[in-house]
Amino acid sequence: MPTDLASLIAHDHQVIAKLLDALGDSERADRFTLAHRVIDEIAAHTAAELQILHPALRDIVPGGVALANQGQTNYDTLRPVLVALEQAHPDDAAFDDVVRGVALAFVGHVPPVEGEFLPALEAVIGAGAMQEMGAIYASVKDNLPGGLDALPGDNPSPTFRPG
């Protein structure tokens with residue numbers, strides 16, 4: 001498996017999409033467990049992107065402050081739906097609506113990251129540095145706590161300004 005930053009993030013996106021598809025199947029008996037796996041995967045992925053990708057965008061990429069702000073806005077919409085999923089149970093009437101909300105927020109996250117953010121970063125730093133950043137991203141992900149504890153607090157997120 002490739003270990004550059006773009007490949008690792010795209011792989012995470014694929015894993016999470018498959019988990020969300022499985023969670024959307026109302027006939028599955030393991031939906032409670034799946035919901036918590038989705039939370040773990042999205043929270044770790046999000047926290048690692050916030051620690052690795054966003055600072056690189058902000059500090060290295062021309063126009064990257066706007067990209068980092070756009071990404072932060074996407075995360076700001078994701079956190080509340082993850083909290084709702086953590087508090088929901090498959091027996092709840094609103095569970096499927098919560099799952100759809102998480103899926104919708106996540107689907108909105110993928111195109112800018114894969115289509116704009118990562119290509120912009122790679123264009124500036126090159127493949128070798130993307131490989132190095134991939135190793136750091138993987139290490140950060142592996143050392144995060146589980147669940148929502150991986151995410152920063154629910155206070156309003158920063159808006160980056162050009163420096």
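Given the structure, is Leu85 surrounded by 15 or more Cβ atoms within 10 Å (Cβ to Cβ) and of a type in the set (A, V, I, L, M, F, W, C)? Against the criterion (surrounded by 15 or more Cβ atoms within 10 Å (Cβ to Cβ) and of a type in the set (A, V, I, L, M, F, W, C)), Leu85 qualifies. The conditions of being in contact with a helix residue (DSSP H, G or I) (Cβ under 6 Å, 6 or more places away or on another chain) and loosely packed, with under 14 Cβ neighbours inside 10 Å are not met by Ile52. The set of residues in the stretch 61-90 being part of a loop (DSSP other than H, G, I, E, B) and touching a helix residue (DSSP H, G or I) at 6+ places or on another chain (Cβ under 7 Å) consists of Val61, Ala88, His89, Pro90. Here Gly101 passes the criteria (1) part of a helix (DSSP H, G or I); (2) without any contact (Cβ under 8 Å) to a residue 12 or more places away in the chain except the one numbered (2).
Would you confirm whether any residue within the stretch 128-150 is within 22 Å of Lys18 (Cβ to Cβ) and without any contact (Cβ under 8 Å) to a residue 24 or more places away in the chain? Yes; the residues of the stretch 128-150 include at least one that is within 22 Å of Lys18 (Cβ to Cβ) and without any contact (Cβ under 8 Å) to a residue 24 or more places away in the chain.
Looking at the stretch 121-163, which of the residues that are over 20 Å from Gly64 (Cα atoms) and of a type in the set (Asp, Glu) is modelled with the highest pLDDT? The selected residue is Asp142. The residues listed here are Asp96, Asp12, Asp21; of these, the one that is in contact (Cβ under 8 Å) with a residue 12 or more places away in the chain, surrounded by fewer than 21 Cβ atoms within 10 Å (Cβ to Cβ) and part of a helix (DSSP H, G or I) is Asp96. I'd like to check something: does the stretch 52-74 contain any residue that is within 11 Å of the chain's Cα centre (by Cα) and in contact (Cβ under 8 Å) with a residue 60 or more places away in the chain? Yes, the conditions are met somewhere in the stretch 52-74.
In the stretch 86-96 there is no residue that is of a type in the set (A, V, I, L, M, F, W, C) and within 19 Å of the chain's Cα centre (by Cα).
The values are calculated or read from the model by the stated rules, or taken from the named source; none is laboratory data. All figures in this text were calculated on a predicted structure; none of them were measured in a lab. Neighbour counts run over all protein chains shown; Cβ positions are idealised from the backbone, glycine included.
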